[in-house]
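What follows is a single structure, written as structure tokens, with notes after it.
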Amino acid sequence: MDSAQAGEAVTSLFALADCNSFYCSCERVFRPELNEKPVVVLSNNDGCVIARSNEAKELGIQMGVPFFEIRHLVENGHVQAFSSNYALYGDLSDKVMQTLSRFTPHVEVSSIDECFLDLGGFYKVDLHQYAWEIKQTVLQWTGIPVSLGIAPTKALAKVANKLAKKSRKANGVLVLTEPYHIQKALEATKVEDVWGIGRQHARFLKKRNILTARDFAQLSENWVRQHMTVVGVRLLKELRGESCLELEEVAPPKKGICTSRSFGKRVSSFDEVQEATATYAARCAKKLRQQGSSANLVTVFLHTNPFSAQDRQYAASKTVCLPVATNSDMELIRYANIALKTILREGYWYKKSGVIVTGIVPEGHVQLGLLDPVNRGKHARLMEAMDGLTDRFGRGKVRVATQGFDNSWQLRSDYKSPGYTTNINELPTAYVR
Amino acid sequence: MRNANLLPILPQQLEPLFFEYIETIEIPLLASCISAGFPSPADDYLEENINIGRYLIQNPASTYMMRVKGNSMVEANIHEGDILIIDRAQDAADGLPVICILEGEFTVKTFKRIKDKAFLVPANPAYKSIEVTEEMDMRVWGVVVWILHKPVKL
């Protein structure tokens, strides 16, 4: 007999832990003097703002604003800017997730700064107290502030988390288990802020005067199925407190992988574009190997700077079907190069190129060609050795020659903080004066 | 044998690994104590392998490293250039060396409580203790659990 038949209360319970302004918080861990000061983190190539501290938001700095528009604030010392330092953010994220996993054996890391915890069975504990303990422990152990939302479903935990961040009274922790509180929270959440409702659906719903999460939760199941498919129905049930989304403790393999960057400067030479593209292909290959997959298709794209009025504009892409799915650097680079050569034109200033691999299959399911000339066993052993060296000595220390060694096309990162936790030569300093 | 270089190896060994390779580094522990006299091969047998990562680091999620600059803690065996292993999960109990944040800077001192007052005490007679007042906005950032330094050349 299941619990519903037995008349027992439903006991599903999820917490969503979300790091506050994560990238800015990471920069502040080793720069404590920046606490409570405006901090922004810039995108690759220092192009635009991708993370803002609350103080920076209060100054009116918008998400995605081009850096040149706020450069004067940085140069006048009103705002501290950082180039993105993903090695630091990745390492601190690991520490946060490890700390969170002490509080329950079941966790789903949904992004670098966000994690669902399954607290099913924790109904009898004082949830507010427990959430507060989690928050304090993460802050004490890692230096990163987090907000927690606790509710019977993942979608409601998202709602709770958002309100926990916004509300001064909640101060970063909100438990939604009482029906009355859940209704109040749904009322306070705009429909476009509900997890899983995209821009188009939000527009569609608002036109029909469905403005809040509560309005949405009151719709009929049939109507939602008709207009928003089964995905919408699942969300509807979740907002009504019926848990439909399980914890995904193991992230499913990605179906497509893209590596692309803007160049640090305008690039016109074939060699430089080729080196960059080869490097992106190698990164895709490494990501494929990390998730135990191989790709059947490789797409290469490139374009000029669409914002530059004086330059002639050009953009193109080309997809190549591989004879046998692969995750070898050498093979992917070879085919990416073939694709690139068909689209590369002389006389343009290129701003960005990228490689996308699709048709991803598990490594063990690769269909071999009858007359396959590639010694795949040898490639696999070579890649294993290269990955070992990369892990030990850092990215790019061992590479395929096509990737080049000059790399003048690489990103600009003028405001990068040290690798405080990932490079022994860049450890933070404690003064004993 | 690898253990002969135990101390000088440590910082280098930790360099590429940080916390990813911790499980893989094991160093043999010899059964006998090292005597400063003539080495006796009879004593030279293996007792067990020590996982150096687990030995040094109890709570990987809350462990950080920092480099030392200055000399106010020399009598506590903390020298300029040393690497400190810091655990933020430990409580700053009386008498422990702690990393704290004072006016936006990290500093390492011994934490002492005398009656209802807190002090940061240096380990060098040339320096004075600092009485912690509310205006200083002092925060303890972690407790020093290990000091890594190379042996002194004589």
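The values are calculated or read from the model by the stated rules, or taken from the named source; none is laboratory data. Since the model is a prediction, treat every value here as computed from it, not as a measurement. Neighbour counts are summed over all protein chains in view; Cβ atoms, including those assigned to glycine, are modelled from backbone coordinates with ideal geometry.
Those strands (runs of 3 or more DSSP E) of region B:47-111 in which 3 or more residues are closer than 27 Å to A:LEU88 by Cα and facing another protein chain (nearest Cβ under 8 Å) occupy B:63-70. Starting from residues that are polar (S, T, N, Q) and farther than 23 Å from B:ALA61 by Cα, keep the ones in region B:100-154 and report whichever is surrounded by the most Cβ atoms within 10 Å (Cβ to Cβ). Taking the candidates together, the pick is B:THR110.
For the condition out of contact with any Phe, Trp or Tyr (no Cβ under 6 Å at 6 or more places or on another chain) and away from chain B (no Cβ under 14 Å), A:LEU73 qualifies. How about region A:239-272: which of its residues are in contact with a helix residue (DSSP H, G or I) (Cβ under 7 Å, 6 or more places away or on another chain) and over 25 Å from A:VAL194 (Cα atoms)? A:ILE257, A:THR259, A:SER260, A:ARG261, A:SER262, A:PHE263, A:GLY264, A:VAL267, listed by residue number.
Of the helices (runs of 4 or more DSSP H) lying entirely inside region A:139-255, those carrying at least 1 residues that are among the β-branched types (Val, Ile, Thr), within 23 Å of the chain's Cα centre (by Cα) and surrounded by fewer than 18 Cβ atoms within 10 Å (Cβ to Cβ) are A:221-239. Just one of the listed residues (B:VAL132, B:VAL98) is free of Cβ contacts under 8 Å to residues at least 40 places away in the same chain and closer than 23 Å to A:ARG31 by Cα, namely B:VAL132.
The condition of being over 30 Å from B:GLU103 (Cβ atoms), touching a Pro at 6+ places or on another chain (Cβ under 8 Å), at pLDDT below 85 and not polar (S, T, N, Q) does not hold for A:PHE405.
Could you identify the single residue in B:ASP82, B:ASP94 that is of a type outside the set (Val, Ile, Thr), modelled with pLDDT of 90 or more and over 28 Å from B:LYS153 (Cα atoms)? Before you say what the answer is, go through the steps one by one.
Details: B:ASP82 fails: over 28 Å from B:LYS153 (Cα atoms).
Criteria check complete, one pass: B:ASP94.
Just one of (1) touching a Ser or Thr at 6+ places or on another chain (Cβ under 8 Å); (2) part of a loop (DSSP other than H, G, I, E, B) fails for A:GLY77. It is (1). Screening A:SER43, A:SER83, A:SER53 for residues that are away from chain B (no Cβ under 14 Å), touching a Cys at 6+ places or on another chain (Cβ under 6 Å) and hydroxyl-bearing (Ser, Thr, Tyr) leaves exactly one candidate, A:SER53. Sort out which residues of region A:36-74 are in a strand (DSSP E or B) and of a type in the set (D, E, K, R), and write them in order of number. Of everything in region A:36-74, just one residue is in a strand (DSSP E or B) and of a type in the set (D, E, K, R), namely A:ARG52.
Those residues that are surrounded by fewer than 22 Cβ atoms within 10 Å (Cβ to Cβ) and closer than 14 Å to A:GLU275 by Cα, I need them from region A:322-334; list them, please. Result: A:MET330, A:ARG334. Residue count for region A:270-308 satisfying the condition of being β-branched (Val, Ile, Thr) and in a helix (DSSP H, G or I): 3. Filtering region B:112-131 to residues that are outside any strand (DSSP E or B), modelled with pLDDT of 90 or more and more than 20 Å from A:THR429 (Cβ to Cβ) leaves B:PRO125, B:ALA126, B:LYS128, B:SER129.
Within region A:263-270, identify whether any single residue is β-branched (Val, Ile, Thr) and buried (at least 18 other Cβ atoms within 10 Å of the Cβ), and answer yes or no. Within region A:263-270, one or more residues are β-branched (Val, Ile, Thr) and buried (at least 18 other Cβ atoms within 10 Å of the Cβ). Considered as a group, the residues in region B:112-149 that are of a type outside the set (Gly, Ala, Ser) and touching a helix residue (DSSP H, G or I) at 6+ places or on another chain (Cβ under 6 Å) include one that is farthest from the other protein chains (Cβ to nearest Cβ), and that residue is B:TRP146.
Residues being over 26 Å from A:ASN45 (Cβ atoms) and touching a residue at least 12 places away in the same chain (Cβ under 8 Å): count how many of those fall in region A:309-351. Show your work before the answer.
Initial filter on region A:309-351 (over 26 Å from A:ASN45 (Cβ atoms)): A:320-328, A:330-331, A:334-335, A:338, A:342.
Imposing the further condition that a residue be touching a residue at least 12 places away in the same chain (Cβ under 8 Å) reduces the set to A:320-328, A:330-331, A:335, A:338, A:342.
The number of residues fulfilling the criteria is 14.
Could you tell me which residue of region A:145-199 is nearest to A:GLY241 (Cα to Cα), considering only residues that are of a type in the set (S, T, N, Q) and touching a residue at least 12 places away in the same chain (Cβ under 8 Å)?
Only one residue tops the list, namely A:THR153.
What residue, of A:VAL96, A:VAL109, is part of a strand (DSSP E or B) and under 24 Å from the mean Cα position of the chain (by Cα)? Let's see the steps before the verdict.
On the way: A:VAL96 fails: part of a strand (DSSP E or B).
It is A:VAL109.
Kindly indicate which of A:VAL96, A:VAL125, A:VAL79 is of a type in the set (A, V, I, L, M, F, W, C) and out of contact with any Leu (no Cβ under 9 Å at 6 or more places or on another chain). Break it down into steps so the answer makes sense when it comes.
Values: A:VAL125 fails: out of contact with any Leu (no Cβ under 9 Å at 6 or more places or on another chain); A:VAL79 fails: out of contact with any Leu (no Cβ under 9 Å at 6 or more places or on another chain).
Within the list A:VAL96, A:VAL125, A:VAL79, the selection yields A:VAL96.
Summed over region A:44-55, residues that are at pLDDT below 90 and crowded, with 19+ Cβ neighbours inside 10 Å total 2.
Look at region A:86-103 and say how many of its residues are more than 14 Å from chain B (Cβ to nearest Cβ) and without any contact (Cβ under 8 Å) to a residue 24 or more places away in the chain. Residues that pass the stated criteria total 1. Beta carbons closer than 7 Å, at least 6 apart along the sequence or on distinct chains, pair a first residue in region B:47-61 that is buried (at least 17 other Cβ atoms within 10 Å of the Cβ) and modelled with pLDDT of 80 or more with a second that is charged (D, E, K, R) and assigned to a helix (DSSP H, G or I) for B:GLY53/B:GLU23; B:ALA61/A:LYS95. So for region A:103-122 (the condition being surrounded by 14 or more Cβ atoms within 10 Å (Cβ to Cβ) and under 22 Å from B:ASP87 (Cβ atoms)), does at least one residue qualify? Checking region A:103-122: at least one residue is surrounded by 14 or more Cβ atoms within 10 Å (Cβ to Cβ) and under 22 Å from B:ASP87 (Cβ atoms).
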